[in-house]
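K.L.:
One structure is given below, represented as structure tokens, and several questions about it will come after.
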Amino acid sequence: MNGNQTIMEADALTKIYRRGSEEIAAVNGVSLHIDKGDFVSIIGPSGSGKTTLVNLLGCLDNPSSGILHLGERPIFGKGKPLSERELTKIRREVFGYIFQNFYLIPTLTVLENVMLPLTFYDKRGRSDDASRLLKILGIDHRKDHLPGEISGGEMQRVAIARAMVNEPQILLADEPTGNLDTKRSMEIVETLKDLNKREGLTVIMVTHNQVLAANAKRTFEMRDGQICELERTAFT
Amino acid sequence: MITKFQVAYKNLFRKKIRTILTIVGIALSSWVLVSLLGFNQGYERALSKDIDNMGFQLMIMAKGCPYEAATMMLKGGTGLRYMDESMLSKVAQEPEVDKVTPILMAAVFDPNKGESGGVAGYFGVDPKTFPEMKTYFRFRQGGWFKDLDAYEAVMGYEAAELEQREVGDMILMPEKNIQFKVVGILDRTGTQDDGTIFVPLRTLQKIFDKNHQITTIGIKIKKGVDSAPLEEKLYQLPDVQIVSLAQVKETIMKLISTAKVMVLSIALIAILIAMVGVINTILTSVWERFQEIGILKTIGAMPGDIFRLIWMETLILCLAGGTVGIILALILARLTDILIRSVLPYAPTGGLVVIDGKLVLVTLAVILGIGLISGLYPAWKAGRIRPLEAIRREVSG
Ligand SMILES: Nc1ncnc2c1ncn2[C@@H]1O[C@H](COP(=O)(O)OP(=O)(O)OP(=O)(O)O)[C@@H](O)[C@H]1O
Ligand SMILES: [Mg+2]
């Protein structure tokens, strides 16, 4: 694995929200670069701007100012904000997302949920990938169940499989364990670690939990919209 | 692989009651629509058939209200007026005339007919000329009587059914207590003739004491000849009126057109109501799935994909409703017939509500069109949901 190929670079990313006459810089001049194959965790108190930052990095939102590069490709910073269409195109090419609330489609089975992205966009034309992913994530035996019939930990695994089916380069996880107990949370983080190690997937994970964050190769801490990298932990 | 159609279709099962109610709404309005359109074409068809089957294009009757005369002819009603038989030869001399035939209508009250009695219609006809007019008559049994003054009768299909008569049986004319021998029974024609009993002209004249008197002359015009000049000439004759069956048809169609406009307005209102129902259902369901739809966009769905997904849901609803409605209409066509018949001033015999393949397709197309239009706004709304807003909702609760 060539560890120092830059996959994402942000320079002075800023997002300002206006609340009445008050301006809040939810993300305030964040610069960072992330290599291909990194496993990054972001921690910080509530309201510090973690979600806002991840949304910018994941091209879910336009920044107020600042520059973002994905690989060699400039995304933000060329002047006018990108349209929802343009953002969608970048997103489905580069990113997979998972969230605290899993957002599975309740009327579709586990397998159907995982295959759903292929309905809209089939990057590789490999629909057999879904079953392979279910196996890797250990939810193969649940593939014909509906989301309402499986546990929270399993639901998040399904969400991970769904995010992975189009082979994203970067997986963004905003508090993926927020709705899970300690044991299940640990399992999910182990899964992400495994995908990172085995598939070379770049992972950016937001969490409140220091212990979980310590599993990442690199950890950033946010405070009042600003970011600083903590000392590298030993990656086990 | 899972298709958009499957996603849309499965979603409709999430709120079963709501889906069913919406489908029922669409079904009812398409039932109304297809029935009313069926009536629009069926009525005209039935009326044309009734009139074409009269076998002649013009009738001369003793003076009276022309509508009444026309209706009397079609329904075999009462309130009859008479003219002299000599009129027949006058009319026959006209160059445009192909054939003429004299008819004496008589109505007799039959206390045994139906529950509270009813009118039996007798037509006195000339066995030499009348059958030539009614060339489409087919006999189930027997044939025409030969003598102008025999006590013999030919019974229409329904008249024979009602009286349970066969050829060779006797039939009693009520009031007058006179017996006729049944010599022929007609096949069903789908017209008023089915309920009529035909007897020789002279015989009927004798019984009703109307020597050399008739109520009607049927005129068949030569092929390819314009009837207008003849009508002009006949108008000069004293104390008679001319009924052109083309005119009768026109007059009745005019009377009906008011009913048609009302009928179409009702159909339109039904459709609008269904449309509002569909829009409401789909908008609600889009709103409920706000987050879900936003998330679809994070897994690669373009605004156009979402638009098609929601649009498809609308189409499925409309197609299902439309199909149920049309099946309902086909099953209940008889009932609709009876309902419409009860409110019309004049209803021809035969099916009033005619639903054919073309009409079914037209209705389905209309319902689909409604679906396409109703789906536009909700689908457009859904297409514009941004993933970010969907995720933020979780923050705000
Ligand atoms: N759409 C918005 N409009 C106005 N202010 C916003 C908006 N979204 C976020 N903010 C504000 O920006 C700041 C950062 O919010 P953000 O959601 O990024 O924090 P967070 O670190 O993810 O917090 P948490 O740990 O609770 O998820 C907060 O003060 C928040 O109130
Ligand atoms: Mg957050």
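K.L.:
Distance from a point 7 Å along Cα→Cβ of B:Asn280 to each backbone N in the stretch B:13-36: keep the residues under 20 Å and list them by number.
P.N.:
B:13-33
K.L.:
Pop out the ³J(HN,Hα) list for the stretch B:290-303 in order, Karplus 6.51 cos²θ - 1.76 cosθ + 1.60 with θ = phi - 60°, rounded to Hz; leave Gly and Pro as x.
P.N.:
Couplings: 3, 5, 4, 5, x, 5, 3, 6, 6, 9, x, 6, 7, x Hz.
K.L.:
To the nearest 100 Å², how much accessible surface do chains B and A cover up together, summed over both, with a 1.4 Å probe?
P.N.:
2900 Å²
K.L.:
Let a ≥ b ≥ c be the square roots of the eigenvalues of the Cα gyration tensor of the stretch A:183-222; is it rounded (a/c under 1.5), or, if not, prolate (a/b larger than b/c) or oblate?
P.N.:
Oblate shape, in that a/c is at least 1.5 and b/c is the bigger or equal ratio.
K.L.:
Only sites in a loop by DSSP and with at most 10 other Cβ atoms within 10 Å count here; which trypsin sites (Lys or Arg not before Pro) in the stretch B:219-286 make the cut?
P.N.:
B:Lys223
K.L.:
Accessible area of the stretch B:58-226 with a 1.4 Å probe: how many percent of it is carbon plus sulfur?
P.N.:
Of the solvent-accessible surface of the stretch B:58-226, carbon and sulfur hold 47 percent.
K.L.:
Convert each backbone phi in the stretch B:28-43 into a coupling constant with the Karplus relation 6.51 cos²θ - 1.76 cosθ + 1.60 (shift: θ = phi - 60°), then list the ³J(HN,Hα) values in order as whole Hz, x for Gly and Pro.
P.N.:
4, 6, 6, 4, 4, 4, 5, 5, 5, 5, x, 5, 4, 8, x, 4
K.L.:
For A:Lys183 paired with B:Met1, estimate the spin-label separation in nm (one decimal), with each label point 7 Å from Cα along the Cα-to-Cβ line.
P.N.:
In this crude spin-label approximation the distance works out to 4.2 nm.
K.L.:
Among DSSP bridges having both ends in the stretch A:98-236, what percentage is antiparallel? Round to the nearest 5.
P.N.:
35 percent
K.L.:
Would you mind computing, in nm to one decimal, how far apart the modelled labels at B:Glu166 and A:Ser21 are, each placed 7 Å from Cα along Cα→Cβ?
P.N.:
Label-label distance for B:Glu166 and A:Ser21, simple model: 10.8 nm.
K.L.:
When the Kirkwood radius is taken over all Cα pairs of the stretch B:129-197, what Stokes-Einstein diffusion coefficient follows at 4 °C and 1.567 mPa s, in µm²/s?
P.N.:
It diffuses with D of about 106 µm²/s by this estimate.
K.L.:
Okay, moving on. On the Cα set of the stretch B:299-393, report Rg and Dmax in Å, please.
P.N.:
20.5, 68
K.L.:
Pop the C-beta distance of B:Lys146 and B:Ile20 into the FRET formula with R0 = 56 Å and round what comes out to the nearest 0.05.
P.N.:
The computed FRET efficiency comes out at 0.25.
K.L.:
Now for a different question. Please give me, ordered by residue number, the GluC sites (Glu not before Pro) of the stretch A:4-75 that lie in loop per DSSP and have at most 15 other Cβ atoms within 10 Å.
P.N.:
A:Glu72
K.L.:
What residues of the stretch B:1-33 lose no less than 30 Å² of accessible area with every protein chain in place versus their chain by itself (probe 1.4 Å, heavy atoms only)?
P.N.:
SASA drop of 30 Å² or more in the stretch B:1-33: B:Met1, B:Ile2, B:Lys4, B:Val7, B:Lys10, B:Arg14.
K.L.:
State whether the stretch B:238-309 is rounded, prolate or oblate according to the following rule on the C-alpha gyration tensor (a ≥ b ≥ c being the square roots of its eigenvalues): a/c under 1.5 gives rounded; otherwise a/b larger than b/c gives prolate, and the remaining case gives oblate.
P.N.:
In terms of gyration-tensor shape, prolate.
K.L.:
Now for a separate question. Kirkwood hydrodynamic radius of the protein assembly as shown from all distinct Cα pairs, in Å?
P.N.:
31.5 Å
K.L.:
Amide H of B:Val119: which non-local residues (sequence gap of 5 or more, or other chain) have their own amide H closer than 5 Å, using H built in the peptide plane?
P.N.:
B:Asp110
K.L.:
Report, in cubic angstrom per residue, the convex hull volume of the C-alpha atoms of the stretch A:91-211.
P.N.:
In the stretch A:91-211, the Cα hull volume divided by residue count equals 96 Å³.
K.L.:
Looking at the square roots a ≥ b ≥ c of the eigenvalues of the Cα gyration tensor of the stretch B:1-41, which shape do they give, rounded for a/c under 1.5, prolate if a/b is larger than b/c, or oblate?
P.N.:
Oblate shape, in that a/c is at least 1.5 and b/c is the bigger or equal ratio.
K.L.:
Wrap a convex hull around the Cα atoms of the stretch B:58-226, take a quarter of its surface area, and give that in square nanometres.
P.N.:
That works out to 10.0 nm², a quarter of the Cα hull's surface.
K.L.:
Now a separate question. Which links in A:Lys36/A:Lys135; A:Lys80/A:Lys123; B:Lys49/B:Lys134; B:Lys63/B:Lys233 stretch past 18 Å when you go from one Cα to the other?
P.N.:
As for pairs spanning more than 18 Å Cα to Cα, those are A:Lys36/A:Lys135; A:Lys80/A:Lys123.
K.L.:
Given an 8 Å cut-off on Cα distances and at least 6 residues of separation, report the relative contact order of chain B as a percent.
P.N.:
Rounded, it is 28 percent for chain B.
K.L.:
Next up: Go ahead and run the numbers for FRET between B:Phe13 and A:Ser65, Cβ-Cβ distance against an R0 of 45 Å, rounding to 0.05.
P.N.:
0.45
K.L.:
Is it possible to state the helix-based mean residue ellipticity at 222 nm for the protein assembly as shown, with each DSSP H run of 4+ residues giving -39500 (n - 2.57), the sum divided by total residues, to the nearest 500 deg cm²/dmol? What is it?
P.N.:
Rounded to the nearest 500, it is -14500 deg cm²/dmol.
K.L.:
Another question about this same structure. Give me, ordered by chain and number, the residues 5 or more places off A:Ile98 or on other chains with an amide H under 5 Å from its own placed amide H.
P.N.:
Excluding prolines and chain starts, which carry no amide H, the hits are A:Leu172, A:Ala173, A:Asp174.
K.L.:
Chymotrypsin sites (Phe, Trp or Tyr not before Pro) within the stretch B:1-34: which are DSSP loop residues with at most 12 other Cβ atoms inside 10 Å?
P.N.:
Of the chymotrypsin sites (Phe, Trp or Tyr not before Pro), the ones in loops of the stretch B:1-34 whose Cβ has at most 12 other Cβ atoms within 10 Å are B:Phe13.
K.L.:
So, R0 is 45 Å and r is the distance between the beta-carbons of B:Gln41 and B:Glu232; what FRET efficiency does that work out to, to 0.05?
P.N.:
With R0 = 45 Å, the Cβ-Cβ based efficiency is 0.85.
K.L.:
Calculate, for the protein assembly as shown, the solvent-accessible area per residue in square angstrom, rolling a 1.4 angstrom probe over the heavy atoms of the protein chains.
P.N.:
46 Å²
K.L.:
What percent of all Cα-Cα pairs in the stretch A:1-156 falls into each 10 Å bin, going from 0 up to the bin containing the maximum distance?
P.N.:
9, 30, 32, 23, 6, 0
K.L.:
How big is the Cα convex hull of chain B in projection, averaged over all directions, in nm²?
P.N.:
It is 26.9 nm².
K.L.:
Tell me which residues come under 5 Å, amide H to amide H, from A:Val203 once H is placed; ignore anything under 5 positions away on its chain.
P.N.:
Counting only residues 5 or more places away or on other chains, the set is A:Asp38, A:Phe39, A:Val40, A:Leu171.
K.L.:
Right, something else. Counting only the backbone N, which residues of the stretch B:253-273 are under 12 Å from the spot 7 Å out from the Cα of B:Leu339 toward its beta-carbon?
P.N.:
In the stretch B:253-273, the label zone of B:Leu339 (backbone N under 12 Å from the point 7 Å along Cα→Cβ) covers B:267.
K.L.:
How many nm is it between the label spots at B:Ser257 and B:Ser89, if each spot is 7 Å from the Cα in line with the beta carbon?
P.N.:
About 4.4 nm separates the two model spin labels.
K.L.:
Carbon-plus-sulfur fraction of the accessible area of the stretch A:28-152, 1.4 Å probe, in percent?
P.N.:
The value for the stretch A:28-152 is 48 percent carbon and sulfur by accessible area.
K.L.:
Related question: If you take every DSSP beta bridge whose two residues both sit in the protein assembly as shown, what share of them, in percent to the nearest 5, is antiparallel?
P.N.:
Antiparallel bridges make up about 65 percent of those DSSP assigns within the protein assembly as shown.
The values are calculated or read from the model by the stated rules, or taken from the named source; none is laboratory data. This one's a predicted model, so the numbers in the text were calculated from it and none came from an experiment. Backbone-built Cβ (ideal geometry, glycine too); neighbour counts: all protein chains shown. Accessible surface areas use protein heavy atoms only, side chains included; no ligands, DNA or RNA. Shrake-Rupley method; radii C 1.70, N 1.55, O 1.52, S 1.80 Å.
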